[in-house]
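Working notes, beginning with the structure itself.
Nothing in this text is a laboratory measurement; each read-out follows from the coordinates by a stated rule. It should be emphasised that the depicted structure is a prediction, and the values quoted were computed from it without experimental measurement.
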Amino acid sequence: MTDPGTVSERIRHLDHVAVAVADMRPAARLFVDVLGGRLLSGGDNDETGTRLMQLALGGFKVELMQPLRPDSTLARHLSKRGEGLHHLTFMVDDVPSTVSALEVLGYDAVGTDASSANWAETFLSPRQSFGALVQFCATSLRFDIESDAFGVEDVLAGRVEWRDRVACLRAAIR
């Protein structure tokens with residue numbers, strides 16, 4: 001096996017901090033209206049039952065997460081832990097090498113998925129990382145450009161959905 005190097009050598013940057021909320025509307029009021037966050041992306045992930053909103057704020061990104069169904073993983077998280085910090089996301093150069101580097105250091109990566117050419121991810125569980133999920137991602141996609149296709153109100157109203165990791169306006173219901 002080749003030397004996986006250290007985990008810190010794999011990290012390109014801290015991409016965002018995610019906050020789990022029961023209702024995104026009051027959270028958006030704080031992070032957008034009061035603190036001045038600008039919408040980068042967002043929408044509903046119908047597969048996971050989660051609504052996301054990524055905001056540029058003070059040279060950083062904050063992601064708001066709201067469950068859409070009571071059976072979603074995020075709804076269970078909120079029931080158990082309440083609102084607040086959910087995860088930190090680090091962008092890395094290569095997910096499989098990051099997993100190897102973590103394992104060499106005694107950490108167990110969970111939920112590893114490197115099946116897509118555009119997106120790969122793995123996690124450290126909150127038990128291993130002092131209460132917050134830590135996500136490591138590698139992607140060829142850009143998530144740092146402000147949206148001009150939809151606005152905060154579109155995300156809040158459920159008019160935006162994630163398709164293949166890209167936020168898109170939902171097709172009109174006929």
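So what is the calculated 222 nm ellipticity per residue for the chain, using -39500 (n - 2.57) for each DSSP H run with n of 4 or more, over all residues, to the nearest 500 deg cm²/dmol? Could the numbers behind the result be given before it?
Values: 5 runs with 33 residues, N = 174.
When only DSSP H runs of four or more count, the value is -4500 deg cm²/dmol.
At q = 0.08, 0.09 Å⁻¹, what log₁₀ I(q)/I(0) does the chain have when each alpha carbon counts as one equal point scatterer in the Debye sum?
Values returned for q = 0.08, 0.09 Å⁻¹ are -0.25, -0.32.
At 0.36 nm per residue, minus the direct Cα-Cα distance, what do A117 and V104 gain on full extension? Give it in nm, one decimal, please. Don't skip to the answer; put the middle values down first.
Values: separation 13, 0.36 × 13 = 4.68 nm, distance 2.54 nm.
Computed gain between A117 and V104 is 2.1 nm.
Relative to the first principal axis of the alpha-carbon coordinates of the chain, what is the inclination of helix 95-104, with its axis defined by its Cα atoms, in degrees from 0 to 90 and to the nearest 10?
Computed tilt is about 50 degrees.
Semi-axes of the equivalent ellipsoid of the range 59-146: what are they in whole Å, largest first, if each equals the square root of 5 times a C-alpha gyration tensor eigenvalue?
Values: eigenvalues 101, 67, 32 Å².
So the three semi-axes of the range 59-146 are 22, 18, 13 Å.
Please figure out what share of the DSSP beta bridges in the range 7-169 is antiparallel and state it in percent, rounded to the nearest 5. Could the numbers behind the result be given before it?
Values: 35 of 45 bridges.
Percent antiparallel among DSSP bridges in the range 7-169 is about 80.
Quick check: Cα centre of the range 47-91 to Cα centre of the range 1-44, how many Å?
Comparing the Cα centres of the range 47-91 and the range 1-44, I get a distance of 9 Å.
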